[in-house]
Structure formats: structure tokens, C-alpha cells
1. What strands (runs of 3 or more DSSP E) completely inside the stretch B:3-103 contain at least 1 residues that are within 14 Å of chain A (Cβ to nearest Cβ) and surrounded by 18 or more Cβ atoms within 10 Å (Cβ to Cβ)?
2. What are the residue pairs meeting all of these: first residue in the stretch A:198-216, first residue exposed (fewer than 13 other Cβ atoms within 10 Å of the Cβ), second residue of a type outside the set (D, E, K, R), Cβ atoms under 7 Å, and 6 or more apart or on different chains?
3. Output yes when any residue across the stretch B:180-194 is more than 22 Å from B:LEU31 (Cβ to Cβ) and among the basic types (Lys, Arg), and no when none is.
4. Take the stretch A:364-384 and flag every residue that is surrounded by 15 or more Cβ atoms within 10 Å (Cβ to Cβ) and touching a strand residue (DSSP E or B) at 6+ places or on another chain (Cβ under 6 Å).
5. In the stretch A:293-307, what residues are outside any strand (DSSP E or B) and within 11 Å of chain B (Cβ to nearest Cβ)?
6. Being more than 28 Å from B:ARG232 (Cα to Cα), in contact (Cβ under 8 Å) with a residue 40 or more places away in the chain and out of contact with any Phe, Trp or Tyr (no Cβ under 6 Å at 6 or more places or on another chain) is the filter here, so list the residues in the stretch B:91-137 that pass it.
7. Filter the stretch B:233-243 for residues that are in a strand (DSSP E or B) and either basic (Lys, Arg) or in contact (Cβ under 8 Å) with a residue 40 or more places away in the chain (or both) and give the result.
8. Among the residues of the stretch A:246-261, count how many are part of a loop (DSSP other than H, G, I, E, B), touching a residue at least 24 places away in the same chain (Cβ under 8 Å) and touching a Gly at 6+ places or on another chain (Cβ under 9 Å).
Amino acid sequence: MSKNQSSNSNTQLSAPKRSLLRFLTCGSVDDGKSTLIGRLLYDTKSIFEDQYEAIKQSSEQRGEQGVNLALLTDGLRAEREQGITIDVAYRYFSTPERKFIIADTPGHIQYTRNMVTGASSANLAIILIDARHGITEQTNRHSLIASLIGIKHVVVCINKMDLVGYSKEVFEKIRNEFEEFSTKLQIVDVQFIPISALSGDNVVDKSKNMPWYGGSTLLYLLENIHVSGDENLIDCRFPVQYIIRPINDEYHDYRGYAGKIAGGIFKKGDSVMALPSGFVSKIKSIETADGPMEEAEPGMSVTLLLEDDIDISRGDMLVRENNQPENGQDIDMMICWLNEKKLVVGGKYAIKHTTQDARCVIKDVHYKININTLHRIEDDKNIGLNDIGRISIRTTRPLFFDSYRKNRHTGSMILIDEATNETVGAGMII
Amino acid sequence: MPVKNIYLKELEDESIYVLREVAAQFERSALLFSGGKDSIVLSYLARKAFAPSKIPFPLMHIDTGHNFPETITYRDEWVKKIDARLIVRYVQDSINKGRVKEETGYNASRNLLQTATLLDSIEELKLDACMGGARRDEEKARAKERFFSHRDEFGQWNPKNQRPELWDLFNGRKNMGEHFRVFPLSNWTELDIWQYIKEEEIPLPNLYFTHQREVIERDGQLLAKSDYLNLRETEKGKMMQVRFRTIGDMTCTGAVLSEASTIDEIVAEVAASRVTERGTRSDDKRSETAMEDRKKTGYF
């Protein structure tokens, strides 16, 4: 059952410095997302025998030809029945180079909110285009969301090349069209790969059917792309998440501010300012359960101890005195609406922003975006499910924030319907 | 000892963030502890997240009465070691009260009955959040879980209408009587768990290591012979060299043939394995969507 059937094994053990890449896959219904993921998992030997047997059985029961790799990711009953992906499914695989977290997101229009969910934690997006159909409305929408949500790397996979005779012309035509469209977007890095997820061309192994393509395979690209510069390493931001105060004699005066670094590098001895109080103190130490650290960078969960005993609680933020975030109650942002109930101008919503809770009122809708042309629609201010627009809000108390482009953590917020407690809006501060 | 692997450190940071978020957003939370490796790692991370304070919530064990005795011994030692508070609730009590009925037949198991005991305990203790060690790589229905997963007043999960979860902003708002299930280890895989256990030198129940045991071969599985397992006439126990990849009830957790006696050997074995760990669980094999169906009614 175990030892002697080795395959993808030992290489994983001796790789001490692997990093993590989070990416999402998006595309229209039937573009073959689930098949592509199935292919990545299958060809990197991340599918286990019992999983493979299970989907093989299901495929046979449904009278399908061959093994339907899409069944690997379509986990819910309704998805299997309808053959579509309803919700974000997370998948994991590793190679000796990297560990990958995939968010497989729905292509269906009514589930676009789930794409936003998947995109918010991703470094990279794979956009799938069916070579037979070229760019569609969904492609535009997904590209726009990826750009808006700050994904800096996009890989456009032109899929089903086997169905267009592996034609170089088809590939280039779609590439040119996409390039023209994407100049209006803020994506730093776009790459194109012609693939067939079904037969595996250029996914893990180089295609023999497309000698005209000189680029790398999808997996090679995923393993080697640089994403380390995506965090903000300049502007120090530490939203206080939780106060640690041990109740025993040994740690009588211990008062630790626990949280995750949202930006910049914090060093022992640094002078910091607490917001909103404005008190200034010095970092006495940066603690973790494994002992103190000299410095901490974005993404790390640490506990800061200060030299002075000042009043700080959850929702407060530690920053540098000479590099403060914006501070105010009137905020402009792009909003992606996630709920069937439309956004109400004048309506009040609860907010979560960093570790703060607040409330807000919607002051104004400035425009809605036509997701096909990226044009601003100024005369239709109805923001409903899946719409994206620019709004102004006023909050019940001042927030400390940055523009989303400067910092994804301090520039994002969610809006919550106070009656249903549902998360209804995803806001990105301008 | 600091974590060496960069990606393990990233996973650790993320889980600690989620654990702290639970402590900050909820008033009465508990960490569901089964004595399996995932809940051991989760409670270990909870210790780290709040050090040098004590863990600000109790561990809760839903005891089916069909545990391996080794699990209970380990549990009591571990709780002392990490200085945590333990609450135990028993499925037997739910049976005695007539809340649930014991299954009969050869594949009888108390796995499903746990749900009633768990939901009753949540009500009794007025818990507003229960953390669990479930991982998304375990099973296809779990692959769709959120970190903060909302449950209605009946403890039900509605997979078709889950709250969108954006960035690291977790929405734990709820009405009276509703609660959350929280899964801080969502992004870990089985191999990540083992490598972390290895690097952090976390002690484990000896069931995970190779030992001689009398087992029954049934439907391709090796089940531990015990008083709780109903035997067919033709079934006979056989001594084998085995270990367990997951630890659940004695009635539904299959052993694997293995000589692995150290963590290093286990990591090598898991990395080379071509079968998922849930493949050793007969509770998942009842139907194609067995896990989804159980989760909808309040199972973990």
C-alpha cells in the first residue's frame, strides 16, 4: 500500500526552501478549467490512486469516454449533476520547486462573486480562453477583476488547441486581441501559452504538436515566476489584532500586541506611533513562541512589546511617525457587489477593515463600469450582483488606510448587510 | 525551534492569524480535539498563537466511547503539556438519553452519532465558534470550505450559499443561536502536517508508528480487532505489522501495512503514498457525497 510504489516522493523531502504560490484559474463555462487543474494534478502525480479510481468509476457510470479529470474538482452534488463549478474549490500540489494553492473559481456569471473571493488571495491568475471561441464577455470580466483586485501576473492559456488543428494563426489572433484589450488594465505581467488541457499539451510536458511555440510550459512558468515583490516592504503598517496579557506572576507586566505585519519591515528598537492615539514609543522586542526576532516582514504573525505602557487595543495600528497612512471618514473606493440585494445609496452597512469594525453610509455612486469596454457608465448607478463601480462612503469613525494599489491589506474592506450578516461588497480604496 | 521551510512558516503564520481572529471575534469558542494528528497540530499552534498566555479557549473532545485506548492516554498527557483546559462530552450519554440510536450490523459505527452529541454540546455550552483541524485537501466537499464557515440555528451547512471570504477579512457576524466552524488548517496538506510535526518535534500517539496488531480484513481495509467491531462468522483476526494514517473510531479507521517507526520514515512513506489518507476511512465510503451529506447536517 505504501513504500514500494514511490513516484513523486523523495525530491519533496530534500527541498528546504520551497515557497508558496497562490493562483486562481478563471474562464468561461466549458473553457476547461477543471480539466486543466485535473491535468496539473495528474501530471505532477498529485492525484492519488483511490481518487483516480473514484472518478474513473464515476466517469464510467455517466457513460463518458475516458476518465473525466474535471470530476476531481467538482465536489458538490449539484456540481456533479450539472457539470459546472459552483463554488471556489481549493486544490494543492507540490513540485520540488514550489507548493501551490489553486483556487478553482466558477465561470458561470451568477457565481462571479466567488471568482472575486478566489482572486483576493492570489498572486497570479490563469485565464482560460477556448481557442474556438476566442475572447468572450467573461474573459473581459475576469481580466478586469484580476486587474482590479491587484493581481500582477496573468497567464493566458489558450486552450483546446487540439480542436483548431494546433494552429499558430488562431493562437496569435487571440493573443493580439487580448493584448489590445489588456493595455487598458493594470496588469504588469501577461504571458500567453497555447495548450490542450485534455491531452496535456504544454501543461506539464512540452507539446510535440506545436513546434512553432518556443515558450515554456505552464508548470515551468508557475514554478519559476517571481512574486516576492508583490508585498509592500516600504510603508510600515501593523494592525493590532489581539492583546496578549498573561495572568500570572512570571509575566506580570507583559502586554503584547499580537498581529500580522501588513506592510514594511519592523525592527527591534524602531520608534513607532500608535494610531489613533498618536502616542510614540519604541519596539522593545518582537516576540514569537519560538523566541524573539530582530525584524519582521509582511505576512508574519508576531507579538510586539513596546517600551512604554500606552493604551492600545484591537483595531489600532502601529506605524512610523514620518510615514502615516491616510486617516479619515470619507473614503472613495471601487466596489464589487456580491449580493442579490442591490447596493442602496444612503444605506448603512457594517465594515471590516484590517482588524477594525465600523459602520458606514453610502454617500454616492459615481459610475458603474461596462466590463466589456471598460467605459464608465455615468447614467446608470444601480450596483447589483456582479457589478463593479466607484462609490463614496462615510464611516462612523476615522479609519487608517492606504490606497489599495499601495497596500492590499490596508486598502481593502468588506461591506456587511447588518440585517442578514452576509458579506455583500468587496471594496478597494482609491 | 524555528520552522525551516519557508512555505511551512507561511502556513503557520496564516493559521496563527486565524486562531487569534477567533479569540478576538468570538466570546465562547472551543477547539475540537480528537487526538488525531491534525487536532494535535492545531492545539500546538494555538499554544504558539497566545504564548506566553494560556490558550484562551478550551479543547473539547466528543468521545464516542469507541476510541483507541492509546488516544485517551495521549489526550490527557497532551492537555497537561500544553497547559490547556479540556471538556469531554460522551456519545454514550446521547444514546442513554435516547437522542440517537446505536447503529446495528457489521458496519455499525458511532461516527455519525457524534454529530448529535456535538450539536447538543454547542447548545449546552453556548459555543459561538468551534475550531477544527479539517483540511481542504482531505476530501472534495471539504475543498469548498471557508476558514470561517457559518452554521444556521440547526447547525446546518449550506454549501450553495457560503459567504464570500476576501483577503484576510473574516466575517464572523451571526444571529443568536447560530455558530461558526473555523478551520485554521484549511491550506495544509497531509504532507505539510507531517513535515511540520517533524520540524517542530511534536510528540504523537504511538498508533501512528508501526506496531503489531490483530486486525480484521474487510472490504480491502484492515480494521483493528476490538470489542466494538461486529464480526462476520467468516472473519478472523490476524497479527500484522501496521500503523494508522488517521485516527478516528476503532470501528471505522483502517490500518496500513507499514514498518515506519520514526517521523522521518513516516514522512517518506506519506510522500511516496499513492492513496489518500481518507482512503483508510470507511465512513467516507458510504456514498460518493458521504462527507457533503454529513457536513450539511452539522458533522465536522
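The values are calculated or read from the model by the stated rules, or taken from the named source; none is laboratory data. Predicted model, so just to flag it, every value in this text is computed and none were measured. We place every Cβ from the backbone using ideal geometry, glycine too, and count neighbours over all the protein chains shown.
1. Numbers: elements: B:29-32, B:59-63, B:86-90.
The qualifying strands (runs of 3 or more DSSP E) are B:29-32.
2. A:ASP205/A:THR217
3. Just the residues of the stretch B:180-194 that are more than 22 Å from B:LEU31 (Cβ to Cβ), to begin with: B:191.
Narrowing further to those that are among the basic types (Lys, Arg): none.
Scanning the stretch B:180-194, I find no residue that is more than 22 Å from B:LEU31 (Cβ to Cβ) and among the basic types (Lys, Arg), so the answer is no.
4. Hits for the stretch A:364-384 are A:VAL365, A:TYR367, A:LYS368, A:ILE369, A:LYS381, A:ILE383.
5. Of the stretch A:293-307, the ones outside any strand (DSSP E or B) are A:294, A:297-300, A:307.
Result: A:GLU297, A:PRO298, A:GLY299, A:MET300.
6. Passing the criteria: B:THR117, B:LEU118, B:LEU119, B:SER121, B:ILE122, B:LEU125, B:LYS126, B:LEU127, B:CYS130, B:MET131, B:GLY133.
7. Within the stretch B:233-243, B:LYS238, B:ARG243 qualify.
8. Counting residues in the stretch A:246-261 that are part of a loop (DSSP other than H, G, I, E, B), touching a residue at least 24 places away in the same chain (Cβ under 8 Å) and touching a Gly at 6+ places or on another chain (Cβ under 9 Å) gives 1.
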